[in-house]
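Below is one structure, written out as structure tokens, with a few remarks after it.
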Amino acid sequence: MIATESIQQLFLDQMKKKLPSHLSLADEMAELLNISRDSAYRRIRGETILSLDEVGILARKFGLSLDSMLASVNNMVSFQFIKEDQIEESLGRWLQSIISYLDMFAHSTESEKSLIHLAKDLPIFHYFQFPRLSAFKMFFWNKFFDRNAFSDSKYKPEEIGREFLAQGRKIYEKYAAIDSIEIITEETLVVTLRQIEYAHDCGLFADHSEAHRLLEECLIMNQHLKKEASVGRKIVYGSEEHLGKFDVYLNQVITGDNSISFKLGDQRVCIITTHTFKIMSTTQEDFCRLTDRHISRIMDKSVLISVVGEKERLKFFNRIEEEITRTASRIR
């Protein structure tokens, strides 16, 4: 069993990491807890035990979880997630949370950092540089946020909020600027093709020809992804500038689960997607290390198709193109 002093020390250590370097931990505690500076120092030294009320005040202020510090004892893992409220508010906060994670990675001064995406389907970042596909995906996500999913409302690209499309574009630009690894499967893009076909079959398109326009943009995106994989760099569509490193592995062994591993020096953040696209994140070290090992094993059994592996790369993207063509032939 972990001693109370040890738990308190872990808690205070996490506070120190969250506190800007120019601020004093004792001063912050004294102000937040309405105690003297000497009393704050006694808590920092472990001479006085923090009360549950004090832990609650400090945890809320610094965004800390006591559960994560007890995980080594009771095997609990604490996650953060976005609470679902109103439809547009939830989608906006979801997009903003992605921006925050990418900013955290980009602004880190750690010399050793990595971003690995174990993808069940095409990582969402790529859709955001293609306006028509981006609008359609947001329409579909809005339907999932809505309790009355797939109601009688028709899809009209111009009705998707411009602020959402702007956020999506911002997300891709940030993603394109950083190095990353994507482990994809044969199912890449197939999920979106099924969504387009489903929307068409259910009469969700206000314009009957919209499905074919979306499939044409899927073909364009597939060609662009093949170009990026061939040079091993991300390229904003319509530009020739090579940006962040783009390592692509083809996983033919285990179905991915849309999880993302951020590693910033000794710090780890693990993100998993649940309920189709809801984001849950944790910094619980044991869970993050377990996730890293799982991703590493899959990567070891996957085929690198960026830069090298030209034969496998061409076969893969050609299969995607054939699937798009088959989907188009079923839509009349």
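Taken together, the values in this text are just the output of simple stated rules run on the coordinates, not laboratory data. Just so you know, these numbers come straight off a predicted model, no measurement behind them. Cβ: placed from backbone, ideal geometry, glycine included. Neighbour counts: every protein chain shown.
Using the Cβ-Cβ distance between Ser39 and Phe62 with R0 = 25 Å, the FRET efficiency computed as 1/(1 + (r/R0)^6) comes to roughly 0.85. Once the Cβ-Cβ distance of Ser153 and Ser111 is raised to the sixth power relative to R0 = 41 Å, the FRET efficiency obtained is 0.25. The slack in the chain from Arg326 to Arg162, taken as 0.36 nm per residue of separation less the alpha-carbon distance, amounts to 55.8 nm.
For the range 102-119, backbone nitrogen atoms closer than 14 Å to the point 7 Å from Ser21 Cα along Cα-to-C-beta are found at 108-111.
Ignoring lysines fewer than eight residues from Lys234 along the same chain, the ones with Cα atoms less than 22 angstrom from its Cα are Lys113, Lys120, Lys137, Lys170, Lys174, Lys226, Lys245, Lys263, Lys311, Lys315. In order along the range 219-228, phi translates into HN-Hα couplings of 4, 4, 5, 4, 5, 5, 4, 4, 5, 4 Hz, rounded to whole numbers, per the Karplus curve 6.51 cos²θ - 1.76 cosθ + 1.60 with θ = phi - 60° and x for Gly and Pro.
Working note: Karplus 6.51/-1.76/1.60 with θ = phi - 60° gives the range 104-109 the couplings 4, 5, 5, 8, 5, 8 Hz, where Gly and Pro are set to x. Under a 5 Å amide H cut-off, with hydrogens placed 1.01 Å from N, Thr185 pairs with Asn251 among residues at least 5 apart or on other chains. Annotation: aspartates and glutamates with alpha-carbon distance below 18 angstrom to Lys61 (same-chain offsets under eight excluded): Asp13, Asp27, Glu28, Glu31, Asp53. Taking 7 Å steps out from each Cα toward its Cβ at Ser209 and Ser51 produces label points 7.2 nm apart. Remark on the chain: Rg and Dmax equal 23.1, 77 Å (Cα only).
When you count the other C-beta atoms within 10 angstrom of each residue and take the mean per peptide, 221-227, 199-205 line up highest first as 221-227, 199-205.
Report the gain in length on full extension from Glu241 to Val308: 0.36 nm times residue separation, minus Cα-Cα distance, nm rounded to one decimal.
Result for the pair: 22.1 nm of gain on full extension.
Centroid-to-centroid, using Cα positions, the range 296-329 and the range 94-137 are 21 Å apart. Taking label points 7 Å from Cα along the Cα-to-Cβ direction, Asp103 and Thr255 give a separation of 3.6 nm.
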